[in-house]
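Engineer: Encoded as structure tokens, here's the structure I'll be asking about.
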Amino acid sequence: FAILGGLARYGMRELLNGMSRRIECDLRNDFFQHLLSLDATFYSRTRTGDLMSRATNDTLAVRMAVGPAIMYTVNTVASFVFTLALMIWISPRLTFYAMIPMLALPPIVIVFGRIIHNRFEEIQKQFASLSTFVQDNLTGVRIVRAYTQEREQERQFDAHNEHYRTRNMDLALKAGAFHPVLVTLAGFALVFVTWLGALEVIAGTISIGDYVAFGLYVALLVWPMISLGWVVNLYQRGAASMGRLNKILSTKASVTVPEQPRSLLSAKGKIEFRDVSFVYPDTERTILDHVSFIADPGDTIAIVGPTGSGKSTLIALLARIYDATGGTIFFDEIPLTELDPSEVKAKIGMVPQDTFLFSDTIARNISLGSDNDLPKPVHDGTGDITYATKAAQLHEQITEFPNGYETLLGERGINLSGGQKQRATLARALARDPLILVLDDALSAVDTHTEMRILDDLQETMSGRTSFIISHRVSAVMRADKILVLDEGVVVESGTHAELIATDGTYTRLLRRQLLEEDLEAAVVAMASA
């Protein structure tokens with residue numbers, strides 16, 4: 001029996017541990033896939049550290065609940081039932097008295113279960129806050145050092161860490177009291193059995209041997225009681241964590257896929273904004289107000305305006321990062337909301353103002369999202385990425401690295417300059433061979449001369465593509481087919497460079513201001529070199 005019992009326990013351990021590991025893996029995969037499906041609105045109000053905590057600590061707690069907790073539950077129930085059966089076989093009357101203290105077990109489990117559940121939720125929230133703080137400081141470590149804030153950040157980290165420790169100690173005290181209470185109940189049962197059993201022996205109802213055996217069986221109930229406390233702890237932790245995961249998994253993206261999306265197989269690249277407005281859901285502030293324009297296939301549309309005028313938001317609506325709150329956006333005469341967002345994004349090469357590069361090779365960063373080959377010595381017409389890097393004025397600098405295109409970048413491309421990162425992002429967009437090219441102030445980190453060289457090289461690349469250029473430099477948009485001037489979310493002027501200069505309005509004032517800034521910059525450089 002001992003050998004069979006050992007083999008059974010081994011088999012159960014292997015089965016449940018393997019199952020719980022698969023559940024943890026699948027749950028983490030589902031969680032990650034769901035995060036990728038959510039839109040920018042979700043990420044604007046959710047901390048990254050909180051999501052990291054849910055993806056790691058919470059999935060681990062769920063695994064413990066569906067693995068070890070179930071295993072020990074089966075073990076505990078089997079031991080309890082087997083022991084109880086032996087007790088009933090010896091003396092049903094003594095068994096009844098032994099079970100009287102156990103009547104207090106359900107309310108005790110419920111009370112302590114709620115306490116553990118609530119305390120563990122607080123712990124996970126605090127861990128998420130701690131993770132967010134660490135992530136922010138590691139990402140901005142150069143700023144922390146530049147402003148000599150090491151001591152202040154250490155103080156704040158210590159406060160977060162101490163808060164996390166305090167919450168864990170509070171849970172440990174509450175959960176620690178649970179076990180002694182259960183053991184005390186078992187102790188009361190043993191006292192009842194010792195006293196009443198002695199009376200039974202004196203009365204001759206049971207033998208001394210049965211009395212001793214019965215007391216031993218009652219003592220054996222102590223381990224299931226202790227195990228019950230541990231199992232309840234694991235179940236409540238798992239339930240709290242599963243609740244946190246479900247809160248994210250049940251979140252629906254505001255940008256949805258239509259049930260029967262229309263196709264863009266023969267797309268030409270015509271874009272129309274018809275009376276489009278947008279209000280940020282969190283702030284209820286109007287960013288775009290009744291914007292209308294048409295971009296015919298192959299047109300280059302430039303968007304200029306002061307900071308906060310809604311330029312980047314307009315592009316975000318085109319890529320369906322957000323959905324317009326008013327009006328309609330058309331892609332080749334088809335409302336954008338009737339198209340699959342992934343198909344729309346596949347037609348667009350986006351170069352955002354805030355660059356992001358992965359901790360991977362330069363080649364893999366640039367070829368991200370494209371079906372093109374990895375770098376070849378020369379462009380052979382297949383769309384390899386060296387063509388894209390040459391157009392972005394980056395190829396020569398990449399070849400100067402010891403490992404060339406196989407150079408491994410640091411976190412967020414930290415071993416590249418700001419201008420190199422922007423050009424790498426531009427090359428990534430060009431490597432996709434997009435139907436629509438979007439440059440969202442994408443060359444702000446390069447000097448004016450380099451910017452003009454890149455834009456000159458892009459003329460051939462942009463030919464036949466619908467292009468959108470956002471720039472704070474008017475010189476970069478002068479050759480556009482149409483220039484939109486935004487001010488507080490409203491298109492106040494539109495036309496070619498010559499037409500807008502003739503009106504002597506907002507665009508002209510922006511141009512004069514920029515020319516003045518360039519003259520001042522040139523004067524400062526001349527004085528510094530004198």
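Throughout, read-outs are computed from the coordinates displayed, never taken from laboratory work. Source: prediction; values computed, not measured. Here the Cβ positions follow ideal geometry from the backbone for every residue, glycine too, while neighbour counts run over all protein chains shown.
Engineer: Could you tell me the extents of the stretch 1-125's C-alpha atoms along the three principal axes, largest first, rounded to whole Å?
Structural biologist: 68, 36, 18 Å, listed from the longest principal axis down.
Engineer: For ASP440, ASP170, which order do you get if you count the other beta carbons within 10 Å of each Cβ and list the fewest first?
Structural biologist: Numbers: ASP440 20, ASP170 14.
Ordered by Cβ neighbours within 10 Å, fewest first: ASP170, ASP440.
Engineer: Can you list the residues, at least 5 places off or on another chain, whose amide H is less than 5 Å from the amide H of THR361, using H built in the peptide plane?
Structural biologist: Excluding prolines and chain starts, which carry no amide H, the hits are LEU409.
Engineer: Applying 1/(1 + (r/R0)^6) with R0 = 41 Å to the Cβ-Cβ distance of THR283 and MET527, what FRET efficiency is obtained, to the nearest 0.05? Could you put the intermediate results ahead of the total?
Structural biologist: Details: r = 44 Å, r/R0 = 1.07.
Efficiency, from the Cβ-Cβ distance: 0.40.
Engineer: Then there's this: Which order do the peptides 391-402, 63-74 take when ranked by the mean count of other beta-carbon atoms within 10 Å per residue, highest first?
Structural biologist: My ranking of the peptides, most packed first, is 63-74, 391-402.
Engineer: Near the amide H of ASP441, under 5 Å away, which other amide H atoms are found, from residues 5 or more places off or on another chain, if H is placed in the peptide plane?
Structural biologist: ILE470, SER471
Engineer: Now for a separate question. Between VAL74 and LYS345, what is the label-to-label distance in nm when each label sits 7 Å out along the Cα-to-Cβ direction?
Structural biologist: Using points 7 Å along Cα→Cβ, the separation is 4.2 nm.
Engineer: Given a Förster distance of 60 angstrom, what is the FRET efficiency for TYR43 paired with LEU103, based on the Cβ-Cβ distance and rounded to 0.05?
Structural biologist: Details: r = 51 Å, r/R0 = 0.85.
Efficiency, from the Cβ-Cβ distance: 0.70.
Engineer: Once the piece of chain linking ASP323 and VAL111 is laid out straight, how much longer is it, given 0.36 nm per residue of separation minus the C-alpha distance between them?
Structural biologist: On the way: separation 212, 0.36 × 212 = 76.32 nm, distance 4.65 nm.
Length gained, ASP323 through VAL111: 71.7 nm.
Engineer: To make sure I understand the rule: partners must be aspartates and glutamates, Cα under 20 Å from the Cα of LYS174, and not fewer than 8 residues away in the same chain. Which ones qualify?
Structural biologist: Within reach: GLU121, GLU122, GLU162.
Engineer: Can you give the angle from 0 to 90° between the axis of helix 418-431 and the longest principal axis of the chain, with both taken from C-alpha atoms, to the nearest 10?
Structural biologist: 90
Engineer: From Cα pairs below 8 angstrom and at least 6 apart in sequence, can you work out the relative contact order of the chain, rounded to a whole percent?
Structural biologist: Working: 760 pairs, mean separation 76.8, N = 530.
Reported as a whole number, the value is 14 percent.
Engineer: Provide the net charge surrounding THR139, with neighbours chosen by a C-beta distance below 12 Å and charges set as Lys +1, Arg +1, Asp -1, Glu -1. Before the final figure, lay out each step's value.
Structural biologist: Details: positive: ARG142, ARG412; negative: ASP136, GLU411.
Around THR139, the surrounding residues sum to 0.
Engineer: Additional query: Fewest to most neighbouring Cβ within 10 Å: what's the order for THR286, THR256?
Structural biologist: Working: THR286 17, THR256 12.
Ranked by crowding around the Cβ, least crowded first: THR256, THR286.
Engineer: Report, to the nearest 10°, how far helix 150-203 tilts away from the longest principal axis of the Cα atoms in the chain, using its own Cα long axis and a range of 0 to 90°.
Structural biologist: Roughly 20 degrees, rounded to the nearest 10.
Engineer: By how many nm would the segment from ALA85 to VAL181 grow when fully extended, if each residue of separation counts as 0.36 nm and the alpha-carbon distance is taken off? Don't skip to the answer; put the middle values down first.
Structural biologist: Values: separation 96, 0.36 × 96 = 34.56 nm, distance 2.42 nm.
Length gained, ALA85 through VAL181: 32.1 nm.
Engineer: Next question, about the same structure. To the nearest 10 degrees, how steeply does helix 222-249 sit against the main Cα axis of the chain, on a 0 to 90 scale?
Structural biologist: Taking Cα atoms only, the helix is inclined about 20 degrees.
Engineer: A further question on this structure: Would you be so kind as to identify which of ILE3, ALA388, LEU317 lies farthest towards the positive end of the dipole of the chain, taking Lys and Arg as +1 and Asp and Glu as -1 on Cβ and the Cα centre as origin?
Structural biologist: Farthest towards the positive pole: ILE3.
Engineer: The list (i) 170; (ii) 210; (iii) 222 gives values of volume of the Cα convex hull per residue in Å³, and only one came from this structure; which label was calculated from it?
Structural biologist: Structure-derived value, by its label: (iii).
Engineer: Here's a follow-up. What residues qualify as long-range amide H neighbours of GLU493, i.e. H under 5 Å apart, gap of 5 or more or another chain, H built at 1.01 Å from N?
Structural biologist: Distant-sequence amide H within range of GLU493: VAL485.
Engineer: Moving on to the next point. Which length gain, in nm to one decimal place, applies between LEU138 and PHE401 when the Cα-Cα distance is subtracted from 0.36 nm times their residue separation?
Structural biologist: Working: separation 263, 0.36 × 263 = 94.68 nm, distance 2.62 nm.
Length difference between fully extended and current span is 92.1 nm.
Engineer: Can you give me the distance in nm between label points at LYS247 and VAL492, each placed 7 Å from the Cα along the Cα-to-Cβ direction?
Structural biologist: Computed distance between label sites LYS247 and VAL492 equals 4.4 nm.
Engineer: Let me ask something else. Using the Karplus equation 6.51 cos²θ - 1.76 cosθ + 1.60 (θ = phi - 60°), what ³J(HN,Hα) coupling, rounded to whole Hz, does each residue of the stretch 358-368 give in order, writing x for Gly and Pro?
Structural biologist: Once rounded to whole Hz, the list reads 7, 6, 8, 6, 4, 4, 6, 5, 6, 7, 4.
Engineer: Taking the alpha-carbon distance from LYS345 and a cut-off under 29 Å, which lysines remain once sequence neighbours fewer than 8 residues away in the same chain are dropped?
Structural biologist: LYS247, LYS252, LYS268, LYS270, LYS311, LYS376, LYS390, LYS421, LYS482
Engineer: Hey, for a label at LEU7 modelled as a point 7 Å past Cα toward Cβ, could you say which residues of the stretch 60-85 have their backbone N under 20 Å away?
Structural biologist: 75
Engineer: Given R₀ = 56 Å, what would the calculated FRET efficiency be for PHE32 paired with ASP275, taking r from the Cβ atoms and rounding to 0.05?
Structural biologist: 0.90
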